[in-house]
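Take a look at the structure below.
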Amino acid sequence: MKAFLKKVVAGETLTEEESHEMIRQIMAEETPGFCASALLTALSMREETAAELTGCARYLRENAIRIPVTSPCADIVGTGGDGARTFNISTTAAFVAAGAGVRVAKHGNRAVSSSCGAADVLEALGIPINKHPEELATSLAEHGFAFLFARNLHPAMAKVAPLRQSLGIRTIFNLVGPLANPAGAEYMVVGTCSNVLLRPFAEVLHRLGVKRAMIVHSSDGMDEISSQADTNAILLNQGNQTNFTIKPGEYLRPEECAESLLGGDAQENKRILLSILSGEDHTAKRGAVLLNAAALCMVFGLAKTMQEGVSLARKSLDDHSALNKLHEMQR
């Protein structure tokens, strides 16, 4: 570990194999806490490389409790850390995409950088979040939706929780969590907290075997596709990368770009989610959900373009397919 630290402090980068070994040693508690803290801090100060992120994400995937899936699935998730305090856009969009026919293995956790994480709002909705892997596989096969509670499926992460809490800063663990889906999702929409991470994340997802993905960061600072500002995106398709910009005005109605995207605690975000799925909300909150669900429909192959994806997302909301999918999960 000291060799890795010397290398990083000297301005060099770690290989994928070295990053994998670094995380293994930290997880196995084979290295002094002060050394691990110094290395994690040094990495975060100069932005982690694609190789470093891949090594860490690969270790987390290898040591996760796997979901025995039998069919391809998709995930929509963000790194967090954007400080936007929005409602649970990705979780709401996951129900809309599932209602449109996407098989969604939604990976998520309790709140870290916000006041309400995916697990928090789903729990408020009365959806069980502590299912066994076999139950999750059955839910995915029968209902096309499952929530993969990161805390339960990445037991090794519990060992580094005290270290991360004592540091109190963003580390590589914050970035690779969304990349470690226990169902091995091959289709993903991943939001990043910075434009700088778009290309590295595209490279990491390709190295991890993801077939098609959209990596996004909005110009108003969100790790989501925004309904109130342009969003920078990279479409990853079988290793090929295409840069483009998502302009909400090209896909949404004027009212779907207006008002606030702010959320609150679990009860408030539950209210917002239900108002969108029931068709009561036609503000920017609905607009953001439409765009993010459209992206998931697109990467999963149900839509060829964002415009087609938005149409599918609208139908999922308007005919209550998304709401019915939520009700299925509550049973």
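The values are calculated or read from the model by the stated rules, or taken from the named source; none is laboratory data. Here the structure is a predicted model, which means the values were calculated and not measured. Counting neighbours? That spans all protein chains shown, and the Cβs are built from the backbone with ideal geometry, glycine included. To get the accessible areas, we keep the full protein, side chains included, count just its heavy atoms, and leave off ligands, DNA and RNA. Shrake-Rupley method; radii C 1.70, N 1.55, O 1.52, S 1.80 Å.
Here are the numbers for the structure shown:
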read-out	value
Segment 242-308, relative contact order [Cα under 8 Å, separation at least 6], %	31
Centroid-to-centroid separation of segment 269-331 and segment 39-68 [C-alpha atoms, Å]	31
Rounded to 10°, Cα long-axis angle of helix 133-143 versus longest principal axis of the chain	30
Residues of type lysines that residue 2 reaches as a straight line, Cα spacing below 28 Å, ignoring anything fewer than 8 places off in the same chain	159
Unit charges on C-beta of K, R, D, E only; dipole of the chain, Debye	360
On Cα atoms only, tilt of 50-62 relative to the major axis of the chain in degrees	80
Set of lysines with alpha-carbon distance to residue 315 below 29 Å, sequence-local pairs under 8 removed	106, 211, 247, 270, 285, 304, 325
Dipole of segment 190-304, positive direction: furthest Cα of 283, 208, 272, with charges on the beta-carbon	208
Which of 6, 325 is most accessible, then next, and so on - probe 1.4 Å	6, 325
The chain - percent of accessible surface contributed by carbon and sulfur, probe 1.4 Å	50
GNM flexibility winner over the chain from 147, 34, 244 (Cα, springs under 10 Å)	34
Computed lengthening from residue 330 to residue 243, 0.36 nm per intervening residue step minus Cα-Cα distance	27.5 nm
The chain: relative contact order in percent, alpha carbon pairs under 8 Å with at least 6 residues between	22
Charge context of residue 194, other residues only, Cβ under 10 angstrom, K/R +1, D/E -1	-3
Relative contact order (%) - criterion: Cα under 8 Å, at least six apart; region: segment 204-331	18
DSSP bridge orientation in the chain - percent antiparallel, rounded to nearest 5	50
Helix 266-277 axis, angle to the chain major axis (alpha carbon atoms, nearest 10°)	50
